[in-house]
Amino acid sequence: MCFCKSNLQLLKSSVPRKSEKTPIVFNNRLLNKLIFKYVVDILSFNSKSKLFRWDELVNSPALLAGNNYLKLLKRYHQEENQSSDSMAKVLENAIRGGSMEMFQYLLDHYRMDQRAKLPKAFVVQKLMIDSSVYRRVDFVHYLLQRYQEFAWSYGTMMLHVPYSGDIEQLKFFSDRFKSNDINYMIFEKAASAGQVEMIKWLATNRSKGIEKSNMFTIAADNGHFELVKFLYENGGRGYLPGDSAAKYTLEMVKWFNNTKGSYFTNMAMTNAAENGKLDIVIWLNENRTEQCLPNTVNLSANNGHLEVVKWFYENRTERFSGDIFEIVKNGYFDLLKYLYAQHCSGGGDGNKLHFVEQPTVGAARSGHIDILKWLYENGMDGGGGSGTEELSLSAAIFQSQIEVAEWLIKNKEINFEKLPYKNSHGQLGTNLTDGDHNKLVYDQDNFTPVPTLYKGEVRYISTGVLHSGIINTNGELFTFGSGSFFKLGIGNSEDYKIPQIVHVAPGHKVSMVACANEHTLALANGKIYSWVKVANLSVGDRHMGAVDTDGWIYTWGSNGELQLGMDGGDKNTPTMNTKLRCEIQQIECGGTFTAVISKDDDNNSLYVFGQFANIHVSSTPKKFMTGVESVSCSHDCSNNLLAIKKNGEVWSAGWSRYGQAGTVDEVAQFGKLASIIAKPVMVACGAYHSAMLFTDPVEIAFQLVWSNHLEMAYNVASKYYDKVLLHSNSDGDSFLHIIAKKRIQQQPEVFKLFTLINKLNGAGRPPFFYNGSLLKWYKLNMPDIYFRDREGQTCLHYYCKNNMYDDIPHILSYSAFDERVRDSEMKRAFEYIPKDIAFKLKKRFDIADIGIIYHKQNKSLAERIKKSIEETQITCELIHDTDNVKKRCIGYVFLVSKVSLETEFTRDLLVNVLVKSPMISIWAEKLAIKDPTLESCIYRSQLVDFSQEGLYHDSLSTLLEGIDNLMQFIPKEQAEAEESDLKVDSEFVKISGEESIYISYDTSKQQQYSALFKFLEQQKITVVSKEQGLLSSWVVVVIINSKDFSAQTRDEISLAENRNKPVIPIYYEEGSLDQGSIYTFANSPKLRFDDESFHQLLTLIKLNYHYLHNSSKLFNLLKQ
């Protein structure tokens, strides 16, 4: 225990001086009391300090290490005491507050040198992380020196250094970590910690990847206002969440309100109220139009914000409608009395306060005796005389609230036979057969592979063959099920469906229970009457096992099926198993087999030995999986197990005739349980049933959705929405992904789920891929409808490939979505479904595969052709004016006639749209085409003659063959690169190679143009040769020297326009354009063939280079 120097001098001035020879002044009782009174007073100034009794200190290695009591810690270890303090906690405390001598001792005590020799020893890496975060630079250098051969993960260090606030450490580890792959994550960690200077340094020295980071939003969510402003002023990206600012300061809220791009929702006022920010609540009410959530007053009241609650009652209509239990438990007495006056007294509004759990229990548990008395005085005891006094007394006793317990005993009538109370955790479960649900049903068909929900405050579970055990959060053990051979531990052999309490020694709390066939073992207060210091134990059908604190396993009992993991016969004494060459953390004895889990050094591997179904029969342990956190085995011939992996997956294997392994197959091979998508804290296997325990509210919410308990799931999610929005399960699925995968058709009323609409899961897909209804629910929240997954699929591809026909209309309702996009297999979405279904869908949503362009004089022929094409289930659109023009057709049919070539609308479509698209030309009438531009457009396409009635039948087959080719056409460069933009008519240009130009000219006149070639060579402009071709260049320059272009030049201009390449004309002679070409270059600058124009040409080339670079970057960004 320590205190500051000034207070020591204060103590000295309070005590009479004695001579220097006075031996021990602390023998004076009065002085001792005075000193410790001052110590308590000093510590009370820091509300974060926690006081510990001396007996608590000397029995806690973590406290001893953190307060530098080295001698006491050594004595503690010599006495081989047991403690719940983990090794990691002890070491962390030593790093945070201990000396180097303490640190070195603990490294030796925990055999860290041996651990450091093992691959992926995270416990060693954790030492470096804690040393960095707590700014123990001396420890950092010591660890690097001591463990020079250890494979330190400097990338991991870069992700933790920001929380130290030490920029020198950041530089130190940056020098040792050269990869840029996680730079964006480092930026985000620095933003989370509010480290402006670190971000400045990173932006200067490790800027690669900064564009991928989400620093702005993270900084805002964590209230780092100065960092938010800094990022915004320096081009920070991301949403501007004013809702987050409402949790912090009014200045921050006003800044967001006045900043372009910010948004507020009804969560803003709720956040402010929940965090007691009355000034922000008032400002939002006066300056914004958004409302607040209905439970806003509840959230504010649960946090004790009396003034905020009063303001709502005086200025708005929202009222408290929650459970007063939290208010009572937290000791908000004034708030409780205010709410009582508003709701229950004569002036109340008639809306009585209510509660689920008795408020007197909360007051008793927390020691608020003044509130407890007031509750009884005002009839708020939850119905006195119905057991509430006994419940309150039990709560007070369990929490050592002696004053409260004494008052209850003295002032209330207590039925001591009800202590401790029974039935506190409800029934075992619901029988699946019809009949009396209070009667146990012994029926072979009374089983289910579907998880059923068990409610109660439980921290540990175990299942035997026909009985189970649970331990509650108070350390009490309850058993239920078959009571044969007195195995329930309650003094009889009756069967019980209701959990029965098992009494242990006074003051002892049960921490572990193991149920087997006809017996049960329990571990209480860290001690068990056994042969060795036990870290873990288990009981099988006819054998037992244990793990000592060094990680060795011992087995004994029957070895008839090799379940002891050794050769030979049965063992009547615990025998060490030497076949495993790794440290073990858990052992589980099954009926005829044993399963063990190794420690981190061996990747937490699951080994099985003995006779395990038909999967493995051997005394030699076999590794089945890694990354396992815990396992449970059946304890008789059923031979099945459940395992929880560290990533949250639940795996099963073994016999499953009655669904106990999550299937109804006779034998389940090792595999992930599809019915469990959240991470339980425990699993337990019986012979014919299994159980799982969930305690994390976020995991509970996820699993409740998956198990179709939607109302309960949404209630839990609403209370923990911040955590729910950030959480992903083992598949990387967000809460919205789970809702989508369950195909829920009604929008959940859980706030802020829209923020997850574009979040990707482990498969790289957003939620709306799994349920198109989300596109309807969150249409205003900008779902990325252009997103393509790793297979190049849009959501429409995914719907079609998976026969999700009900989802297709949701994406097609977005007019901006382009259904023509091909995936990595070069297929359009509708090619994955039957042609007749695709045809109906396209007709329903007015999607045209082929556009038929005609003049109204040729209407009858156009309509006849449309009908013929649609009989092949290819949709068509008739286009003859601007009212019905379609821009998203796959290909086009152009009806050539004199009027269609003379009409401005059809002529422009031909020259500007059709020339760049797959197209077929049809002779509606035979005529000579004198315009070279129109001639080039028409004769470059397939031509089919429909000019005479007698030709229709023969020409139709040719046309349909051509239409089929149009539908299957893939541009050459697209087929080679297997990539294209989402919009076929995109203005983005794909570029490759170095900057270069192609010059289109009459090669017979090359000598006349030598001045231009020489100028470009001097300016170091690369000119692509004729042999390399136009497509390998970036920009095309056309030398115009004749009214009649050569066929080659005309083709080159057409090809350049088809590929969206910039085309720049330069005129060797004035007036060198015919009427057909004037339109092509109408918007181009008029450059003459002289030095001044050459420099203008150079400027245009460089400007186009710059445009192409930016266009390519934007193209790549949109593909991500």
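The values are calculated or read from the model by the stated rules, or taken from the named source; none is laboratory data. Values in this document were obtained by computation on a predicted structure and should not be read as measured data. Every residue, glycine among them, receives a Cβ derived from its backbone with ideal geometry; neighbour counts consider all protein chains shown.
Please go through the stretch 276-287 and give me each residue that is in contact with a helix residue (DSSP H, G or I) (Cβ under 9 Å, 6 or more places away or on another chain) and either buried (at least 19 other Cβ atoms within 10 Å of the Cβ) or part of a helix (DSSP H, G or I) (or both), ordered by number.
Restricting attention to the stretch 276-287, the residues satisfying the condition of being in contact with a helix residue (DSSP H, G or I) (Cβ under 9 Å, 6 or more places away or on another chain) are 276-285, 287.
Passing the criteria: Lys277, Leu278, Asp279, Ile280, Val281, Ile282, Trp283, Leu284, Asn285, Asn287.
For the stretch 535-610, list the strands (runs of 3 or more DSSP E) that sit wholly inside it and hold at least 1 residues that are at pLDDT 90 or above; which are they? First the steps, then the outcome.
Numbers: elements: 543-548, 553-557, 571-576, 584-589, 593-598.
Result: 543-548, 553-557, 584-589, 593-598.
Go through the stretch 286-302 residue by residue and tally those that are over 16 Å from Ala246 (Cα atoms), free of Cβ contacts under 8 Å to residues at least 60 places away in the same chain and within 30 Å of the chain's Cα centre (by Cα).
Initially, the stretch 286-302 is screened for residues over 16 Å from Ala246 (Cα atoms), giving 294-295, 298, 301-302.
Filter once more, keeping what is free of Cβ contacts under 8 Å to residues at least 60 places away in the same chain: 294, 298, 301-302.
Now restrict to residues that are within 30 Å of the chain's Cα centre (by Cα): 294, 298, 302.
So the count comes out to 3.
Here's a check for you: in the stretch 249-270, which residue that is surrounded by 15 or more Cβ atoms within 10 Å (Cβ to Cβ) and of a type in the set (Phe, Trp, Tyr) is nearest to the chain's Cα centre (by Cα)?
Taking the stretch 249-270 and keeping what is surrounded by 15 or more Cβ atoms within 10 Å (Cβ to Cβ), we get 249-250, 252-257, 262, 264-270.
Next cut, of a type in the set (Phe, Trp, Tyr) only: 255-256, 264.
On the way: Trp255: 30, Phe256: 27, Phe264: 23 Å.
Taking the candidates together, the pick is Phe264.
Would you tally the residues in the stretch 581-624 being closer than 15 Å to Leu562 by Cα and of a type in the set (A, V, I, L, M, F, W, C)? Walk me through it before giving the result.
Kept after step one, since they are closer than 15 Å to Leu562 by Cα, are these residues of the stretch 581-624: 588-596, 607-622.
Remaining after also requiring of a type in the set (A, V, I, L, M, F, W, C): 589, 593, 595-596, 608-609, 612-613, 615, 617.
Qualifying residue count for the region: 10.
Restricting the first residue to the stretch 593-612 and requiring it to be in the same structural domain as Val631 (by TED's automatic domain parsing) and on the phi > 0 side of the Ramachandran plot, which pairs with a second residue that is surrounded by 24 or more Cβ atoms within 10 Å (Cβ to Cβ) and among the aromatic types (Phe, Trp, Tyr) meet a Cβ separation below 8 Å and a spacing of at least six or different chains?
Cβ pairs passing all conditions: Gly610/Phe593.
Could you tell me which numbered condition Ala928 fails, if it satisfies all but one of (1) more than 50 Å from the chain's Cα centre (by Cα); (2) touching a residue at least 24 places away in the same chain (Cβ under 8 Å)?
Single failed check for Ala928: (2).
Please specify each residue of the stretch 630-682 satisfying the condition of being surrounded by fewer than 21 Cβ atoms within 10 Å (Cβ to Cβ), free of Cβ contacts under 8 Å to residues at least 60 places away in the same chain and part of a strand (DSSP E or B).
Correct list: Ser630, Val667, Gln669, Phe670, Gly671, Lys672.
For the stretch 583-633, enumerate the residues that are in contact with a Leu (Cβ under 6 Å, 6 or more places away or on another chain) and of a type in the set (D, E, K, R).
Answer for the stretch 583-633, where residues must be in contact with a Leu (Cβ under 6 Å, 6 or more places away or on another chain) and of a type in the set (D, E, K, R): just Asp601.
List every residue pair whose Cβ atoms sit under 8 Å apart, with the two residues 6 or more apart in sequence or on different chains, where the first one lies in the stretch 913-924 and is under 17 Å from Ala862 (Cα atoms) and the second, anywhere, is assigned to a strand (DSSP E or B) and charged (D, E, K, R).
Correct list of pairs: Ile922/Asp945; Trp923/Asp945.
Take Leu760 and tell me if it is at pLDDT below 90, under 19 Å from the mean Cα position of the chain (by Cα) and farther than 16 Å from Tyr832 by Cβ. Walk me through it before giving the result.
Numbers: at pLDDT below 90: no; under 19 Å from the mean Cα position of the chain (by Cα): yes; farther than 16 Å from Tyr832 by Cβ: yes.
For Leu760, the condition - at pLDDT below 90, under 19 Å from the mean Cα position of the chain (by Cα) and farther than 16 Å from Tyr832 by Cβ - is not met.
Please give the number of the condition Ser897 fails out of (1) touching a strand residue (DSSP E or B) at 6+ places or on another chain (Cβ under 9 Å); (2) among the polar types (S, T, N, Q); (3) surrounded by fewer than 21 Cβ atoms within 10 Å (Cβ to Cβ).
The one condition Ser897 does not meet is (3).
Please determine whether any residue of the stretch 198-207 is under 20 Å from the mean Cα position of the chain (by Cα) and not aliphatic (A, V, I, L, M).
Kept after step one, since they are under 20 Å from the mean Cα position of the chain (by Cα), are these residues of the stretch 198-207: none.
No, the conditions are met nowhere in the stretch 198-207.
Would you be able to say whether some residue in the stretch 110-126 is over 22 Å from Phe172 (Cα atoms), among the aromatic types (Phe, Trp, Tyr) and not assigned by TED's automatic domain parsing to the domain that holds Ala535?
Yes, the conditions are met somewhere in the stretch 110-126.
Of the residues Leu1114, Leu1031, which single one is under 30 Å from Arg765 (Cα atoms), among the hydrophobic types (A, V, I, L, M, F, W, C), modelled with pLDDT under 85 and part of a helix (DSSP H, G or I)? Even if it seems obvious, please write down each step before you answer.
Numbers: Leu1031 fails: under 30 Å from Arg765 (Cα atoms).
Going through Leu1114, Leu1031 in turn, just one is under 30 Å from Arg765 (Cα atoms), among the hydrophobic types (A, V, I, L, M, F, W, C), modelled with pLDDT under 85 and part of a helix (DSSP H, G or I): Leu1114.
Residue by residue through the stretch 178-234, note down the ones that are polar (S, T, N, Q), surrounded by fewer than 16 Cβ atoms within 10 Å (Cβ to Cβ) and closer than 17 Å to Met157 by Cβ.
Taking the stretch 178-234 as the starting set, the residues that turn out to be polar (S, T, N, Q) are 179-180, 183, 192, 195, 204-205, 207, 213-214, 217, 222, 234.
In the following step, the residues that additionally are surrounded by fewer than 16 Cβ atoms within 10 Å (Cβ to Cβ) were identified as 179-180, 204-205, 207, 234.
Within the stretch 178-234, Ser179, Asn180, Asn205 qualify.
Output yes when any residue across the stretch 374-389 is modelled with pLDDT under 85, touching a strand residue (DSSP E or B) at 6+ places or on another chain (Cβ under 6 Å) and either surrounded by 14 or more Cβ atoms within 10 Å (Cβ to Cβ) or of a type in the set (A, V, I, L, M) (or both), and no when none is.
no
So Ser83 passes all but one of these: (1) modelled with pLDDT of 90 or more; (2) part of a loop (DSSP other than H, G, I, E, B). Which condition number does it fail?
(1)
Taking Trp552, is it of a type in the set (A, V, I, L, M, F, W, C), surrounded by 16 or more Cβ atoms within 10 Å (Cβ to Cβ) and without any contact (Cβ under 8 Å) to a residue 24 or more places away in the chain?
Numbers: of a type in the set (A, V, I, L, M, F, W, C): yes; surrounded by 16 or more Cβ atoms within 10 Å (Cβ to Cβ): yes; without any contact (Cβ under 8 Å) to a residue 24 or more places away in the chain: no.
When the stated conditions are applied, Trp552 does not pass them.
I want to confirm something. Restricting to the stretch 712-758 and keeping residues that are of a type in the set (Gly, Ala, Ser) and part of a loop (DSSP other than H, G, I, E, B), which single residue is surrounded by the fewest Cβ atoms within 10 Å (Cβ to Cβ)? Full working, then the answer.
Start the filter on the stretch 712-758 by keeping residues that are of a type in the set (Gly, Ala, Ser), which leaves 713, 717-718, 728, 730, 732, 734, 740.
Filter once more, so that each one left must be part of a loop (DSSP other than H, G, I, E, B): 728, 730, 732, 734.
Details: Ser728: 18, Ser730: 17, Gly732: 15, Ser734: 24.
Ranking the candidates gives Gly732 first.
Does any residue of the stretch 852-864 turn out to be in contact with a strand residue (DSSP E or B) (Cβ under 8 Å, 6 or more places away or on another chain), in a strand (DSSP E or B) and not aliphatic (A, V, I, L, M)?
Checking the stretch 852-864: not a single residue is in contact with a strand residue (DSSP E or B) (Cβ under 8 Å, 6 or more places away or on another chain), in a strand (DSSP E or B) and not aliphatic (A, V, I, L, M).
How many residues does the stretch 293-341 hold that are in a helix (DSSP H, G or I), of a type in the set (Val, Ile, Thr) and under 19 Å from Tyr376 (Cβ atoms)? Spell out how you get there, then give the answer.
In the first step, residues of the stretch 293-341 are kept if they are in a helix (DSSP H, G or I); the result is 296-302, 306-315, 325-329, 333-341.
Now restrict to residues that are of a type in the set (Val, Ile, Thr): 296-297, 308-309, 327-328.
Keeping just the survivors that are under 19 Å from Tyr376 (Cβ atoms) gives 327-328.
Residues flagged as in a helix (DSSP H, G or I), of a type in the set (Val, Ile, Thr) and under 19 Å from Tyr376 (Cβ atoms) within the stretch 293-341 amount to 2.
Identify all residues within the stretch 763-785 that are in contact with a helix residue (DSSP H, G or I) (Cβ under 7 Å, 6 or more places away or on another chain), assigned to a loop (DSSP other than H, G, I, E, B) and modelled with pLDDT under 90; write none if there are none.
Listed by number, the residues that qualify are Tyr778, Pro783, Ile785.
Regarding Glu290, is this residue of a type in the set (Asp, Glu), surrounded by fewer than 24 Cβ atoms within 10 Å (Cβ to Cβ) and part of a helix (DSSP H, G or I)?
Details: of a type in the set (Asp, Glu): yes; surrounded by fewer than 24 Cβ atoms within 10 Å (Cβ to Cβ): yes; part of a helix (DSSP H, G or I): no.
No; evaluated as a whole, the condition is false for this residue.
Looking at Arg111, Arg136, Arg115, can you tell me which residue is among the charged types (D, E, K, R) and at pLDDT 90 or above? Explain how you work it out, then say what you get.
Working: Arg111 fails: at pLDDT 90 or above; Arg115 fails: at pLDDT 90 or above.
Among Arg111, Arg136, Arg115, only Arg136 is among the charged types (D, E, K, R) and at pLDDT 90 or above.
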